[in-house]
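Derivation of every value follows stated rules applied to the coordinates shown; laboratory data play no part. The structure displayed is predicted, hence computed values, not measured ones. So basically every Cβ, Gly included, is an ideal-geometry build from the backbone, and we count neighbours across all protein chains shown.
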Amino acid sequence: MDFDHQKTLWVDPNGNDTSAVLGRFDLPWQTIEAAVAHLRLNTLIGYTIIVMPGSYTPTSPPRFDSLNAQTTMVLMGGVVILMVGVRWAIGDGAIVSIAGLQHKYSGPGSIQSSTQLPGAHIISQNGGMMEIVPTVGSVYLSIHNVALTTKTSGAPSSSNSILDLSLQNEQTAILIDNCSISIDDSAAGLTLTRQLGTRNIFEMYDTSLYHQGTCLDFTDAQNASSQLYYRIEDCTFTSGQSNIAGTFGHIDTNLISSQNCFGTLSGNGFYDTNSSGTVYIHNNAGAVNGLIDSYSSNVTTGNGLLNMNYLTPGIPLLAGQALNDPQFFAG
């Protein structure tokens with residue numbers, strides 16, 4: 001059939017990176033990184049990449065920036081992307097949306113580490129998954145309906161985090177929605193922040209997270225003028241490590257003078273089994289307090305907020321509750 005889709009690229013394990021043609025679903029690329037590189041090489045803005053079912057192991061970083069801005073990547077059900085020694089690279093001016101089709105598995109446990117999952121699945125093995133490193137331009141990243149998993153076999157390392165943030169730019173906005181996230185490294189989390197830009201927005205909705213220590217780490221922020229706003233709604237956090245000493249949180253910050261942190265937490269559950277340390281919903285180890293509000297209750301088996309001012313005391317934030325272990329529902 002001779003029909004060209006104007007702004008669509010296809011990727012399939014049986015494709016060919018040399019003979020692939022833009023707009024032809026019958027002449028797809030074979031690798032994700034080659035399709036992304038084609039957009040950058042030709043400065044193609046506002047295109048969609050459709051990744052067909054199959055297993056993919058990129059050998060070079062899929063790179064997004066202003067040269068291929070406004071890219072939408074659709075991962076069909078049955079897509080498994082294994083990152084080994086390379087990361088997705090999100091740079092200056094990137095606007096990228098990664099969306100999975102079909103329903104992904106939503107509970108932690110042994111099936112979470114399997115490559116035979118319904119929906120779309122991205123796995124990082126002994127290394128981080130995505131590196132967000134803008135220096136000038138703004139960055140917008142959204143991930144929807146995808147299972148994100150880290151698998152580590154060596155010593156714990158923060159570099160195994162899913163999102164490695166080293167931000168020197170004006171604004172970064174990250175949206176995660178309806179995802180299932182599993183992190184098996186006690187030193188890693190969903191985010192590792194080496195530096196924050198001037199304005200940083202993090203939103204997460206309807207997502208289940210299984211992690212060992214801190215999940216959202218914003219502690220290594222070097223920019224004294226940075227502002228962080230996060231909005232987290234209807235998510236389940238499960239900290240499965242039971243012997244981490246010290247004080248930490250599902251969310252960690254270390255605010256210094258002139259930094260601001262504003263958060264909205266609504267309808268979330270925070271579960272942990274830690275018997276060696278003290279676990280908070282949000283642990284702020286810095287000298288400056290942040291601000292948290294809510295419009296529906298949050299519950300936790302551990303402690304509430306440390307060095308964070310809660311602005312909506314009429315809406316309960318319930319600590320020390322006896323909650324069912326979400327792993328019970330892993331099947």
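Out of all Cα-Cα pairs in the chain, roughly what percent, to the nearest whole number, are more than 38 Å apart?
On the way: 8067 of 54615 pairs.
Distances greater than 38 Å cover 15 percent of the Cα pairs.
Angle between the Cα long axis of helix 32-41 and the longest principal axis of the chain, 0 to 90 degrees, nearest 10? Tilt of helix 32-41: around 80 degrees.
Can you sort Leu141, Leu318 so the residue with the fewest Cβ neighbours within 10 Å comes first? Don't jump to the answer; show the numbers that get you there.
Numbers: Leu141 20, Leu318 13.
Arranged by neighbour count, lowest to highest, Leu141, Leu318 become Leu318, Leu141.
For the chain, the 222 nm mean residue ellipticity estimated from helices alone, with every DSSP H stretch of n ≥ 4 adding -39500 (n - 2.57) and the total spread over all residues, rounds to -1000 deg cm²/dmol.
With neighbours defined as other Cβ atoms within 10 Å of a residue's Cβ, the residues Met73, Met308 order from fewest to most as Met308, Met73. Listing Ser182, Ser138 from fewest to most neighbouring C-beta atoms within 10 Å gives Ser138, Ser182. The residues packed around Ser161, meaning those with a beta-carbon under 11 Å from its beta-carbon, carry a net charge of -2 if Lys and Arg are +1 and Asp and Glu are -1.
Projected area of region 198-302, taken from the Cα convex hull and averaged over every viewing direction, in nm²?
Details: hull surface 24.2 nm².
Computed as one quarter of the Cα hull surface, the answer is 6.1 nm².
FRET efficiency for the Tyr310 to Ser157 pair, using the beta carbon distance and R₀ = 35 Å, is estimated at 0.55. In this simple spin-label approximation, Thr43 and Glu203 carry label points 7 Å from Cα along the Cα→Cβ vector, and these lie 3.1 nm apart.
If you average 1/r over all unlike Cα pairs in region 242-313 and invert the result, what Kirkwood radius do you get in angstrom? Mind dumping the intermediate values first?
Values: mean 1/r = 0.0793 Å⁻¹.
Here the Kirkwood hydrodynamic radius works out to 12.6 Å.
Using every pair of distinct Cα positions in region 179-258, the Kirkwood expression returns a hydrodynamic radius of 13.4 angstrom. Its relative contact order, with pairs defined as Cα atoms under 8 Å and 6+ residues apart, puts the chain at 10 percent.
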